[in-house]
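Every read-out reported here was derived from the displayed coordinates using simple, explicitly stated rules and does not represent laboratory data. Everything quoted here is computed from the prediction, not taken from an experiment. Here the Cβ positions follow ideal geometry from the backbone for every residue, glycine too, while neighbour counts run over all protein chains shown.
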Amino acid sequence: MAAIHLKQVRKTYGRGAKAVDVIHGIDADIADGEFIVMVGPSGCGKSTLLRMVAGLEEISDGQIVIGDRVVNELEPKERDIAMVFQNYALYPHMTVYENMAYGLKIAGLAKGEIDERVQRAAVILELGALLERTPRQLSGGQRQRVAMGRAIVRKPAVFLFDEPLSNLDAKLRVQMRLEIQKLHASLRTTSLYVTHDQVEAMTLGQRMIVMNKGVAEQIGTPAEVYARP
Ligand code: ADP
Ligand code: ADP
């Protein structure tokens, strides 16, 4: 668990005449255990900001602090973060079990510990009967569960979600939203969640960051953000 502090975070893609500023000095303080939803029009910089927090993208200027560590100075594998993507990004040739275990194996955890974590995640996410299947043999909702499982077995200090439910049909979206809500209620992992869905924003977000053109236009509770004057 960890608080996240964004201090005048900037991102410029390209160099010289081709340089494009896409994030223009964002400040935000996210409390330990808080669930923050980020919304904003396509192209406003949400994914870029998530990827910078995840260490998948260089920070052009400013600082991102997670817990007591300045992220800019860390190697990606030193960051205690797990990210869930819209397209799940599962390994197609691995079973469900192997997909969830892989990151832990790379991290050097003992076999027994890996097995315990994967089995526990499988119970939480109702994947117990599917552990030997490959992603091809799963429904969209089940794949999304595996992606979530792969994130939670890492026991990260921070969860990042990039529109994790947008490829699911309406019924599954509701179900997975409730599961994410339950998961946060029990794990209390600091979470940053990008969505276009107002229902997700209102039900999951303790606070919201409203992005527009690379700027955080508003930071507040869903009630404050959606309040009509
Ligand atoms: P969002 O997630 O809000 O849709 P993005 O963070 O994906 O926005 O993109 C923000 C802006 O940065 C967009 O104008 C996009 O075209 C641009 N952009 C994203 N990735 C790159 C890249 N690798 N190189 C150059 N420009 C990029
Ligand atoms: P691989 O590069 O083969 O996927 P790992 O799964 O060990 O190897 O990942 C290497 C590093 O990439 C991790 O230490 C972590 O920082 C990052 N990483 C891997 N998976 C995720 C994920 N789901 N979310 C965020 N970061 C990840």
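A few points about this structure:
- Computed extension length for V20-D197: 60.9 nm, one decimal, from 0.36 nm per residue of separation with the Cα-Cα distance subtracted.
- Average silhouette area of the chain, convex hull of alpha-carbon atoms, in square nanometres: 13.4 nm²
- Spin-label pair D115/L178, simplified geometry with 7 Å Cα→Cβ offset, distance in nm: 3.4 nm
- Nearest 10 degrees, 0 to 90: helix 96-106 Cα axis against the chain principal axis: 60 degrees
- In sequence order, segment 157-167 has phi-based couplings of 6, 9, 9, 10, 10, 10, 6, x, 9, 6, 8 Hz under the Karplus curve 6.51 cos²θ - 1.76 cosθ + 1.60, θ = phi - 60°, and Gly or Pro positions carry x.
- Projecting the Cα atoms of M52, N72, G140 onto the charge dipole of segment 17-170 (Cβ charges, centred on the Cα centre) puts G140 farthest toward the positive pole.
- Residues whose amide H falls under 5 Å from that of F161, counting only those 5 or more places apart or on a different chain, are V84, L192, Y193, V194, with hydrogens built in the peptide plane.
- On Cα atoms only, tilt of 170-187 relative to the major axis of the chain in degrees: 90 degrees
- Note on S186 and Q63: the extension gain reaches 41.3 nm, defined as 0.36 nm multiplied by sequence separation minus the Cα-Cα distance.
- Of K11/K105; K11/K182; K171/K213; K11/K171; K7/K77; K7/K155, those spanning more than 30 Å from alpha-carbon to alpha-carbon: K11/K105; K11/K182; K171/K213; K11/K171
- Net dipole in debye of segment 1-81 [+1 Lys, Arg Cβ; -1 Asp, Glu Cβ; about Cα centre; nearest 20]: 440 debye
- Axis angle, to the nearest 10 degrees, between helix 140-152 and the longest C-alpha principal axis of the chain: 80 degrees.
- Under a 5 Å amide H cut-off, with hydrogens placed 1.01 Å from N, Q218 pairs with V210 among residues at least 5 apart or on other chains.
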